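Enquirer: Sending over a structure as structure tokens; questions will come in a sec.
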Amino acid sequence: MGMFDFLKTILETREMHSITSLRTHYYKKNYKIVKQAVLDYASSNKLDVQNVDDKHGELYFQAKNFHIIASIVQVTPVETAVDFKVQYYSLIGWNRPLKDIKKFYAYLDQTLPFKGTSLHP
């Protein structure tokens, strides 16, 4: 993690991210079960669901000073990938986007059968 990473207001996960905790997570469940787990986390953390797009596998959550976009892709019938994009509406992020992504992934790792990270580079 670089010296100025804690200042970022936008952070996004991807398959081969340089920060290993921000790599795509894979779960041994289908799309519907993973989507429900993501929605359960959002409702328990008072995130307002603005949009659910099943065609593209994206869920948009809004909070007071940030939003989260969750991308869910079913790779095989029993393997689903989850990525996040978090954006804070401030000049300095104070590492909040990274903390939010880690909390989201920690919840999903406990709730769903975790398969691994960055499995399809």
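Enquirer: Size of the dipole of the chain about the Cα centre, Lys and Arg at +1 and Asp and Glu at -1 on the beta carbon, nothing else charged, in debye to 20?
Expert: That gives a dipole near 220 debye.
Enquirer: log10 I(q)/I(0), Debye, Cα-only the range 5-115, no solvent, q = 0.17, 0.18 Å⁻¹?
Expert: Ignoring solvent entirely, the Cα scatterers give -0.77, -0.86.
Enquirer: Also, I was wondering about something else. Build a GNM of the chain with springs between Cα atoms under 10 Å: which of Leu47, Leu108, Leu91 gets the top mean-square fluctuation?
Expert: Leu91
Enquirer: To test your reading of the geometry: what angle, between 0 and 90 degrees and rounded to tens, separates the Cα axis of helix 96-111 from the longest principal axis of the chain?
Expert: Computed tilt is about 20 degrees.
Enquirer: Let me ask something additional. What's the longest bit of the chain with no exposed trypsin sites (Lys or Arg not before Pro), using DSSP loop states and at most 11 other Cβ atoms within 10 Å as the test? It would help to have the intermediate numbers written out before the result.
Expert: On the way: sites that count: Lys46, Lys55, Lys64.
For trypsin sites (Lys or Arg not before Pro) (loop position, at most 11 other Cβ atoms within 10 Å), the longest site-free span of the chain is 65-121.
Enquirer: Can you give the net charge of the other residues whose Cβ lies under 15 Å from the Cβ of Asp53, counting K and R as +1 and D and E as -1?
Expert: Every neighbour counted, the sum reads +1.
Enquirer: Report the Cα centroid-to-centroid distance between the range 5-34 and the range 41-96 in angstrom, as an integer.
Expert: 11
Enquirer: So what's the angle, to the nearest 10 degrees on a 0 to 90 scale, between helix 31-44 and the longest Cα principal axis of the chain?
Expert: 40
Enquirer: Same structure again: Within the range 11-105, list the chymotrypsin sites (Phe, Trp or Tyr not before Pro) lying in a DSSP loop whose Cβ has at most 14 other Cβ atoms in a 10 Å radius.
Expert: Within the range 11-105, the qualifying chymotrypsin sites (Phe, Trp or Tyr not before Pro) (loop, at most 14 other Cβ atoms within 10 Å) are Tyr89, Trp94.
Enquirer: Would you work out the relative contact order for the chain, in percent, from Cα pairs under 8 angstrom that are 6 or more residues apart?
Expert: Computed over the chain, the figure is 39 percent.
Enquirer: What shape does the range 6-59 have by the C-alpha gyration tensor, where a ≥ b ≥ c are the square roots of the eigenvalues, rounded means a/c under 1.5, and otherwise prolate means a/b greater than b/c and oblate the rest?
Expert: Taking the square roots of the gyration eigenvalues as a ≥ b ≥ c, the range 6-59 is oblate.
Enquirer: Excluding residues fewer than 8 places away in the same chain, name every one of the lysines whose C-alpha is closer than 26 Å to that of Lys35.
Expert: Answer for Lys35, where 26 Å is the Cα cut-off: Lys46, Lys55, Lys64, Lys85, Lys99, Lys102, Lys103, Lys115, listed by chain and number.
Every number in this text was worked out from the coordinates using simple rules, so none of it is lab data. Quick caveat, the model's predicted, so the values are computed rather than measured. Don't worry about glycine lacking a Cβ; one is built from the backbone with ideal geometry, like all the others, and counts go over all protein chains shown.
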